[in-house]
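Just below is one structure, and these are the notes that go with it.
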Amino acid sequence: MASPRSSAKTRLQKGKIVEPRVHILKDGSLSAVAEYIKEGKAKNIIVMSGAGISTAAGIKDFRSPGTGLYDDLEKYNLPYPEAVFDISFFKDNPSPFFRLAKELLPGRYRPTFTHYLLPLLARKGLLLRSYTQNIDMLERLTGLDDELLVEAHGSFATSQCIKCEVVTDSKWVRKHILKSSIPYCETCGGLVKPTITFFGEDLPARFGRLALQDFKKCDLLIVLGTSLQVEPFNRLITRVGPECPRLLINREKAGEEMHGGFDFDDKWKYPTVRDAVFLGNCDDGVRELAKLCGWEGELQAMFEAGNIEMQIAEEMEALSLAAELEEAVAVANEAEKEAEEEAEEKAEKEAKKGARKEAKKEIEKETKREAKKEAVAVEPETKRPLQKKEEGKEKEGRQKETPAEKDVPSEDDVVQQLSERLLSTDLNAASETFTAADEILAVSTESVVVVTTIVDTKEAPKPAQV
Ligand code: CNA
């Protein structure tokens, strides 16, 4: 590094005067960069970008005072703003990230004018690679060839379980994010997150591999909309050769503090003078640069065509969503109808079952009623002997007084009566009848002897079936 005491024309290295400093750019302005390009010196341009290129699309950046997400993150009750993208914090409390993800979720935003600088440079064969820290995937929507893009901090394009690392369907994760619910792995139950690189995680392997080969080839570095606060991405600006001019387009200066970083104010007196800055909005800076290069009309046309394409894509998406919705409603209606039919069928079955039960109960009741009726029909006859027994008792008393007067049924009467009972009733009734007969016959020892003899000697008639 040059000594701060060196003059503008010479520099001291270990006490020796060395070559005069080389001016790669005539000065630190946009027009100096445009001139360099127009001279055909930039054939391997690398563009590095950050959240500042997407704010014009409506996506908040991190650090812009007042409008950045970090100022907004108080509502998530975080211990420090970066915690929302910290993998250790996420494992304990994933909710803030998923709430923020809902805001950042691609699909609602269109690429900005600045984004179209990438396919423009690609079309001219000047773009070596675009390295972005953004996770919004807007570069992809410009039609930029995937090969020319490195999403250094990953993106929402894919999702993965942080435990078993199984890659999951990002549409499924997207649905979770939109519903404000946290996705858990269906294989192992671990947390699933979009493959966005959190603080504490490794950057995608593609980043390291390509950076190693690209930056030494780079002959113009354009840095857009980034505070260059995140490592190791920010260090890429130091990886270009000493003669590679570097341009920053941003609302504020950035990347000056690190070793080998920007030196807009010629503070470090590097051997080469090569850093330029445009302070302002990316879209304005890019438009100015394009104008100076003679590309403004082409860039504007690409931007407009892109917008029309986006509009068509959005309308198609809306149509397919409407169709999906219609289909979902039809499916729901069909399911509702089926459920209703099923319920009706079930109710009908239940009703039939109930009716059968009722009928069975009725039959049982009717049978019982019939049985009672029959019993009642039998009762007066079986009771009569009891009355006779009572009468018999009275008669017994009277008999004692006047034995000649005793009213005892004749043997033939008893046999006749018993036979009739036994023929017309069931066994229970028959046994009752026998009991009754016993009682009748108890009135007279003489008669009991007669009846017993008869019952013993005669075969009891078979009861009638009920
Ligand atoms: P940052 O730290 O928030 O810095 C943004 C920079 O852009 C600041 O210096 C702003 O002044 C500047 N800026 C904002 N708007 C404009 C504009 N219209 N024109 C010019 N300059 C502007 O964001 P970084 O990108 O430097 O930080 C890296 C983080 C941010 C990465 O890990 C990203 O994943 C993360 N991030 C990305 C998005 C996105 O994908 N759109 C949004 C928010 C955060």
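Annotations
- Taking the criterion of being within 15 Å of the ligand (Cβ to nearest atom) and open to solvent by 30 Å² or more (accessible area, probe 1.4 Å), no residue of segment 118-132 qualifies.
- Scope segment 39-60; condition more than 8 Å from the ligand (Cβ to nearest atom) and charged (D, E, K, R); matching residues: Glu39, Lys41, Lys43
- Selection status of Arg239, of a type in the set (D, E, K, R), away from the ligand (no atom under 16 Å from the Cβ) and within 19 Å of Ser130 (Cα to Cα): yes
For (1) assigned by TED's automatic domain parsing to the domain that holds Ala32; (2) under 30 Å from Ala83 (Cβ atoms); (3) touching a residue at least 60 places away in the same chain (Cβ under 8 Å), each residue gets a yes or a no:
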| residue | (1), (2), (3) |
| --- | --- |
| Glu201 | yes, yes, yes |
| Ala211 | yes, yes, yes |
| Leu224 | yes, yes, yes |
| Leu247 | yes, no, yes |
| Lys253 | yes, yes, no |
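- For segment 254-271, the set of residues classified as within 16 Å of the ligand (Cβ to nearest atom) and open to solvent by 80 Å² or more (accessible area, probe 1.4 Å) consists of Glu257 only.
- Any hit, segment 87-95, residues being open to solvent by 70 Å² or more (accessible area, probe 1.4 Å) and within 16 Å of the ligand (Cβ to nearest atom): no
- If the condition is being within 16 Å of the ligand (Cβ to nearest atom) and open to solvent by less than 30 Å² (accessible area, probe 1.4 Å), then segment 186-210 contributes Lys193, Pro194, Ile196, Thr197, Phe198, Phe207.
- Candidates in segment 211-253 are the residues that are of a type in the set (Val, Ile, Thr) and surrounded by fewer than 20 Cβ atoms within 10 Å (Cβ to Cβ); of these, the one that is farthest from Lys41 (Cα to Cα) is Val230.
- All positions within segment 96-117 that are open to solvent by 70 Å² or more (accessible area, probe 1.4 Å) and within 19 Å of Ile196 (Cα to Cα): Arg99, Lys102, Arg108
- Some residue of segment 141-164 being near the ligand (Cβ under 9 Å from one of its atoms), at pLDDT below 95 and in a loop (DSSP other than H, G, I, E, B): no
The values are calculated or read from the model by the stated rules, or taken from the named source; none is laboratory data. Predicted model only: the values in this text are computed from it and were never measured. So basically every Cβ, Gly included, is an ideal-geometry build from the backbone, and we count neighbours across all protein chains shown. These area figures cover heavy atoms from the full protein model, side chains too; ligands, DNA and RNA do not enter into them. Shrake-Rupley method; radii C 1.70, N 1.55, O 1.52, S 1.80 Å.
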